[in-house]
Amino acid sequence: MSYFAHETAVVDEGCDIGEGTKIWHFSHIMPNCKIGQRCNIGQNVVISPEVILGNNVKIQNNVSIYTGVICEDDVFLGPSMVFTNVINPRSAVNRRDQYAKTTVKKGASIGANATIVCGHDVGEYAFIGAGAVVTKNVPNFALVVGNPARQIGWMSEFGHRLEFDANGKATCPESGDVYELNNGEVRKCQK
């Protein structure tokens, strides 16, 4: 086995788990999940059937990732954040054939206790504040907070708030990378 699973964790058959991944106490990885390399899956995490996680995904304690969710490389999921997978759940109505897809793109971070309503994608390097309720797609590099979540700014790949000048340029204080804001979209400029 090229990954670590704590003795209290349950890993069902048919899972593909990458080298260097760690699965901690009381977590349950359900059938046919694909989990990349060097992921860290905290305590009391449930990963439902057929979920896909890229490489280096960090999942904090008490997170449930439901069928239909894809997390690309380098995604961070904060403690007790929530995904949904059905728009209008009812106990007496089986809607397993109506699971909506949600993709969390490369490098995105989702804060503690945030909720991502199914069918809405989170863009690359987006930053979802703690407790936010995401009810629409989130653009790349966007900073969103609140309930319902609204965009209040932009973030760098290193997780710093970007302040754009009159020319639509901003510099990350940690990496020195330059970003450009044009027509409501942010992109990192080539060095």
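The values are calculated or read from the model by the stated rules, or taken from the named source; none is laboratory data. Remember, it's a predicted structure, so these values are computed and weren't measured experimentally. We place every Cβ from the backbone using ideal geometry, glycine too, and count neighbours over all the protein chains shown.
Identify, by number, the condition in (1) modelled with pLDDT of 95 or more; (2) under 22 Å from G131 (Cα atoms); (3) touching a Phe, Trp or Tyr at 6+ places or on another chain (Cβ under 7 Å) that V75 doesn't meet. Of (1) modelled with pLDDT of 95 or more; (2) under 22 Å from G131 (Cα atoms); (3) touching a Phe, Trp or Tyr at 6+ places or on another chain (Cβ under 7 Å), only one is false for V75: (3). Scanning segment 39-58 for residues that are over 21 Å from G111 (Cα atoms) and among the basic types (K, R) turns up nothing.
Going through (1) closer than 12 Å to C15 by Cβ; (2) in contact with a Leu (Cβ under 7 Å, 6 or more places away or on another chain) one by one, V63 falls short only on (1). Annotation: of all residues in segment 102-114 being among the polar types (S, T, N, Q) and surrounded by fewer than 20 Cβ atoms within 10 Å (Cβ to Cβ), the one that is farthest from I70 (Cα to Cα) is N113.
Reported count of residues in segment 82-136, each being of a type in the set (D, E, K, R) and in contact with a strand residue (DSSP E or B) (Cβ under 8 Å, 6 or more places away or on another chain), is 3. Applying the criterion of being of a type in the set (D, E) and without any contact (Cβ under 8 Å) to a residue 12 or more places away in the chain to the residues of segment 158-179, the residue that is nearest to V75 (Cα to Cα) is E163. If the condition is being buried (at least 18 other Cβ atoms within 10 Å of the Cβ), out of contact with any Gly (no Cβ under 7 Å at 6 or more places or on another chain) and assigned to a strand (DSSP E or B), then segment 116-146 contributes I116, V122, V134.
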